[in-house]
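Notes follow the structure.
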Amino acid sequence: MSPATVSDRVFGVLCEHIVSGRYAPGEKLPTQRALAADLGVNIGPVREAVKRLEQLRLVTVRHGDAMRVADWRATSGLEAAAPLLFRPDGFDPQALKALMEARRVMLSQSAGFAAERRSDEQAAELERLADRIAQSAADPAAVQALDFAFFAELIDAAGNLVFSLVMNSIRHLYLENAGLFSALVERPDELAPLYGRAARAVTAGNAARAARAVDALAALQEERVAG
């Protein structure tokens, strides 16, 4: 097993212990040598894993003091989404529910902004993507890719810098784990009209109607993914 693979495994184990509450906020972690012995690995991969945990603000490391678990709910940002969301046996249910809820709220708000701020080119692209989704209903993999493209275009049209930065963070998380989110586009024939309704509302400049259409679409997807 390569050092990088070992480090990834150690990182995953420590994340799981922190997120699950086995190590509470403020609690001292075992020394790196003790962790290496407990996990049956060399100290090098443990050091690399601890660096990643520190970068995600899941632990604090101070010279002359022990490693301590950070209160990640108060200190971590979107970069911690992946280790919080994914567990060895699949999704963390609470984290997945929170992600899908936040997605729905952000997308529906973006739709309202897009209706007010979009360019003609952006409106035309949203309608084109909605048409392609309708034409690709028999191909769920194609619909999933088009779904992401549609909402990326919608957020771009919304003209909100923070929404765009959030989308960039989610992009990597989503694309690297697209197979786990396939339920987003289950029964695409049922979803296809909703994309078209949202795109037409954006083109018409009707912010309230655009927001309602996207909320309905995202809520249906949320139910399918998070239950």
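The values are calculated or read from the model by the stated rules, or taken from the named source; none is laboratory data. Everything quoted here is computed from the prediction, not taken from an experiment. Every residue, glycine among them, receives a Cβ derived from its backbone with ideal geometry; neighbour counts consider all protein chains shown. Surface accessibility is based on the protein's heavy atoms, side chains included, excluding ligands, DNA and RNA. Shrake-Rupley method; radii C 1.70, N 1.55, O 1.52, S 1.80 Å.
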Test result for residue 183, within 18 Å of the chain's Cα centre (by Cα) and either touching a residue at least 24 places away in the same chain (Cβ under 8 Å) or closer than 21 Å to residue 97 by Cβ (or both): yes
Single residue of region 38-64 satisfying the filter (touching a residue at least 24 places away in the same chain (Cβ under 8 Å), open to solvent by 80 Å² or more (accessible area, probe 1.4 Å) and part of a helix (DSSP H, G or I)) that is farthest from residue 85 (Cα to Cα): 48
Step by step: first the residues of region 163-179, then only those that are loosely packed, with under 15 Cβ neighbours inside 10 Å and of a type outside the set (S, T, N, Q), then the one that is farthest from residue 145 (Cα to Cα). Which residue is that? 165
Subset of region 48-58 (residues that are modelled with pLDDT of 90 or more and either more than 14 Å from residue 7 (Cβ to Cβ) or among the charged types (D, E, K, R) (or both)): 48, 51
Okay, helices (runs of 4 or more DSSP H) sitting entirely in region 85-166 with 1 or more residues that are of a type in the set (Asp, Glu) and under 15 Å from the mean Cα position of the chain (by Cα), I get 93-117, 140-158
Taking the condition of being closer than 16 Å to residue 214 by Cβ and either among the acidic types (Asp, Glu) or touching a residue at least 40 places away in the same chain (Cβ under 8 Å) (or both), how many residues in region 125-158 meet it? 15
Could you list all residues from region 184-210 that are modelled with pLDDT of 95 or more and either buried (at least 22 other Cβ atoms within 10 Å of the Cβ) or not in a helix (DSSP H, G or I) (or both)? 195, 198, 199, 201, 202, 205, 206, 210
Taking the condition of being β-branched (Val, Ile, Thr), closer than 19 Å to residue 224 by Cβ and either buried (at least 22 other Cβ atoms within 10 Å of the Cβ) or touching an Asp or Glu at 6+ places or on another chain (Cβ under 8 Å) (or both), how many residues in region 97-155 meet it? 2
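Would you be able to say whether some residue in region 132-147 is in contact with a strand residue (DSSP E or B) (Cβ under 9 Å, 6 or more places away or on another chain) and among the aliphatic types (A, V, I, L, M)? Please lay out each step first, then the result.
Of all residues in region 132-147, those in contact with a strand residue (DSSP E or B) (Cβ under 9 Å, 6 or more places away or on another chain) come to none.
No, region 132-147 has no match at all.
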